[in-house]
Amino acid sequence: MTHEELEDAVPLYAAGALDRTERQALEAHLLSGCPSCHHALKEYQSLAALLPFGLVQSQPPRSLKARIMAARNPVTSAVQDGQKDPLKPSLEPGEWMNHLFPPITPARSFSLPWAIGFATVALVAVAAYVGWTFTSRLSDDAARMQQLEATLQEQTTKLVSLQRVISERERSLMELQGDASRRAHDIAELKEQLFQRETELESLERQLASRSAGGQRGRTPQDELAALLRQPSIRVVSLSGSEMAKSASGILLYDASTQKVWMYAVNLPECLNGTIYQLWAIDQKPKSIGTFHMDSGETAHLLVKRLPDFERAKKFAVSLEPPGGRPEPTGAVYLVSQS
Amino acid sequence: MIDPALLARIVKGDQQAFSQLYDQSSTLLHTLALRILGSREETEELLQDVYLEVWRKVSRYDIGRGTPVAWLITLTRSRAIDRLRARGARGQQATTSLEQSAAPQVRDSGPSPFETQADQELRLAVGSAITSLPAAQQQAIELAYYEGLSHMEIAARLNQPLGTVKTRIKLGMSKLRETLRHSWDQGDFE
């Protein structure tokens, strides 16, 4: 029976409703010293003893008291005892309680034959011997038990500390796992970024390759001029407007590495009726470098030509010539170099 | 209520104390025995046995086990149930039942001349607590307490499941305990 079942059986025990087996089970439990069941039983037994108060009272006949008082002599009692033996009750009232609450006053014996006295003395002596043997064995057992308990306690302490270490290791392992998982995630992200960058790089390389291939063919003069202006070894000659075009001006740049001359002219008048401007390099005599045309609304023009003997020229000039230009200057000069 | 000192005097062989004990308890014990046995003659025989046993064994009484009245009631009930069972074993019909036992009680009913006010109040409180129980719970407790039937015997008698009978007794006793707790908390029964 579980404790709950035993506890449930307490009110039934007090009411007298348990069968013998159940009664014995509960009594054994009570003797084991269960305080809650013990307390409950005391209350329920007090209650059970109250129940007859609820009955309608009935008085015994007056003669009964006289009979009882008369029957109290020892002889009658002995006769009564003899009669009672065959009817020995199965339920001695509160019998189990004797185990829980030993009577304060022990049962008296009015006459003890000397033989019983002697037997008692002998029994006490034997009991004392047995008790002494038993006690010494008990003390041995107790010492062994203490030793075992000490060992057990030691082992338990070790076990507890080991459990603590294991739990700490588990915790740090979990932290490491979490860290590793975060790092793996970072690595995956970085790989992804790297892959994207490689793709972009490939695409840029392709663009660069196609641009550099096209750049050789379609490079504009402006690009070359910009490169030219960054070179420290460039030669510069400025041109100013003549009486024909006072607001006009120009500049000549010469790159010895490529033997190219660059002329940039601004504010020259528009070329009319097919006329054309012609640039001259003048040493002993004028030599045509090239021609250019100024359209309506055009204010600036860039002319690029090869001129291997630039160093020999002393002066430069731009004149307006008839259509197609001339081997020597024939028209008015519009721009002329300063020195 | 009976003073435990009265029992201490009986232990020493005080006849007057024994007479006093009889006066203070006989109505209650007679009521109880008659309720169980249902027979006046048998009840008187039983009471004689019980009081003689008290006279001889009063030294066994220990106040730690309960009040003197509780001890006397437990003893009387126990002996009466034994007689009832012995009668059943001999093949005689039990004559007790709620209805049958009521008749002789009514005839002799009336307060005992030795009853105190505290006794009267207690009888009223217990009577009221018992009658306020559901009839089925009251019946199950009475079959166990006054007829000495186990819960299995009660279940068979009432043709009810065992669990139902157990629950009825448990609930009934529990309610009575709650209602009457003050009766022994006041020192009457503890």
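The values are calculated or read from the model by the stated rules, or taken from the named source; none is laboratory data. Everything numeric here is computed off the predicted structure, so don't read it as measured data. Note that we place each Cβ from the backbone using ideal geometry, even for glycine, and neighbour counts take in every protein chain shown. For the accessible areas, the whole protein counts, side chains as well, though only heavy atoms, and no ligand, DNA or RNA atoms are used. Shrake-Rupley method; radii C 1.70, N 1.55, O 1.52, S 1.80 Å.
Here are a few things to note about the model shown:
- Listed residues A:233, B:174 arranged by accessible area, highest first, probe 1.4 Å: A:233, B:174
- Pairs spanning more than 18 Å between alpha-carbon atoms, out of A:285/A:315; A:285/A:314; A:260/A:287; A:246/A:314; A:42/B:170; A:260/A:285: A:246/A:314; A:260/A:285.
- A 1.4 Å probe, protein heavy atoms only, puts the accessible area of residue A:1 near 120 Å².
- Take residue A:285: with every protein chain present and a 1.4 Å probe, its accessible area is about 140 Å².
- Counting only other chain Cβ atoms within 10 Å of each residue's Cβ, the peptide A:62-72 averages 5.
- Distribution of pairwise C-alpha distances over region B:116-190, 5 Å bins, in %: 3, 16, 23, 20, 15, 11, 6, 3, 1
- Taking all protein chains together and a 1.4 Å probe, the residues A:126, A:160, B:50 rank A:126, A:160, B:50 from largest to smallest accessible area.
- Qualifying trypsin sites (Lys or Arg not before Pro) for region B:1-93 [loop in DSSP, other Cβ within 10 Å: at most 14]: B:12, B:90
- With all pairs of separate Cα atoms included, region A:3-47 yields a Kirkwood hydrodynamic radius of 10.2 Å.
- For region A:231-337, convex hull of alpha carbons as volume per residue, Å³: 95
- Isotropic mean projected area of the C-alpha convex hull, region A:112-207 (nm²): 11.3
- Ranked order, A:301, A:293 - accessible area, probe 1.4 Å, largest first: A:293, A:301
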